[in-house]
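Presented below is the structure to which this report refers.
Every number in this text was worked out from the coordinates using simple rules, so none of it is lab data. What you are looking at is a predicted structure, and each value in this text was computed from that prediction instead of being measured. All Cβ positions, even for glycine, are placed from backbone atoms using ideal geometry, and neighbour counts span all protein chains on display.
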Amino acid sequence: MRDYPVILCEPFLHFLLPSGMMDKTDGRDRRMAQYYMLYKPRGLLTAKRDARRETVMSCFPEALREMLHPVGRLDRDTEGLLLFTDDGMLDVRLLRPEQHVEKEYEYRAFGLLDETAMRQLEEGVLLLEGQPPSLPARAQLLAHTSIGESAPYLPERFREKYLKNPARPVTAGKLWITEGRKHQVKLMIKAVGGHVFYLKRLAIGPVRLDEALRPGEYRPLTAEELAALMPPATSGGGTAGA
């Protein structure tokens, strides 16, 4: 009798081992699936490969580059938590809209956004004409500051230009969303009068970016993080988190 829960997911059977790794088999082979977090630096494209631009896969050794793929994406100028795996069920668990997995972001934006703007973000705002508004979110105003005080967060290629007006107002805040539309956080902030120049993802669901990692560094997920991301199936045999 097994002493660990079984998650039934077609076309694979996933066994959550005591170590927290997933033993994956399709009846032909048997190997350990891989799960990593990367502190994605700004400037890298989220893709397996690209003919012209450096991708996030350059942060990994060659053996892992061939094996892993990014779960979801971050814009090229966005930094923070990005997960990697060779297990397609993690993509299903985190990326399908019906799963409502919350992502936490920290941003800095030109403009003075107030509590009214925070309420608008929480209620939902129109992102693009002809599209439905954003789903309800959580928003937190952290501080009102200035370009001069925000110099470390400025994009390097625009830093000299922006610092010519060091008193220009800046809003620092956090946003928690459950959708994954293209440029969503930037468009939400734009809808309430701001312009994002710095964006960092801090968490995906229960998994937070390891504060010990520096941009470009990665580590395997822990057993506890895996268990939180892929909880055991219910007794009814459904997929975890469905």
| note | Under 5 Å from the placed amide H of Tyr198, counting only residues 5+ away or on other chains, we find Arg108
| Relative to the present Cα-Cα distance, how much length would full extension add between Arg52 and Arg214 at 0.36 nm per residue of separation? | 55.8 nm
| message | Using Cβ contacts closer than 10 Å as the measure, can you line up Glu122, Glu129 from fewest to most? | response | Glu129, Glu122
| By a straight-distance test (C-alpha under 12 Å), which aspartates and glutamates pair with Lys186 as possible cross-link partners, with residues fewer than eight away in the same chain excluded? | Asp75, Asp77, Glu106
| field | Burial ranking of peptide ranges 55-68, 147-160, 195-208 (average Cβ count within 10 Å, highest at the top) | value | 195-208, 55-68, 147-160
| task | Lys and Arg at +1, Asp and Glu at -1: add these up for the other residues within a Cβ distance under 14 Å of Ala117 and post the number. | result | 0
| message | Let me check I've understood the local charge: for Ile177, count other residues with C-beta under 11 angstrom from its C-beta, Lys and Arg +1, Asp and Glu -1. What total comes out? | response | +1
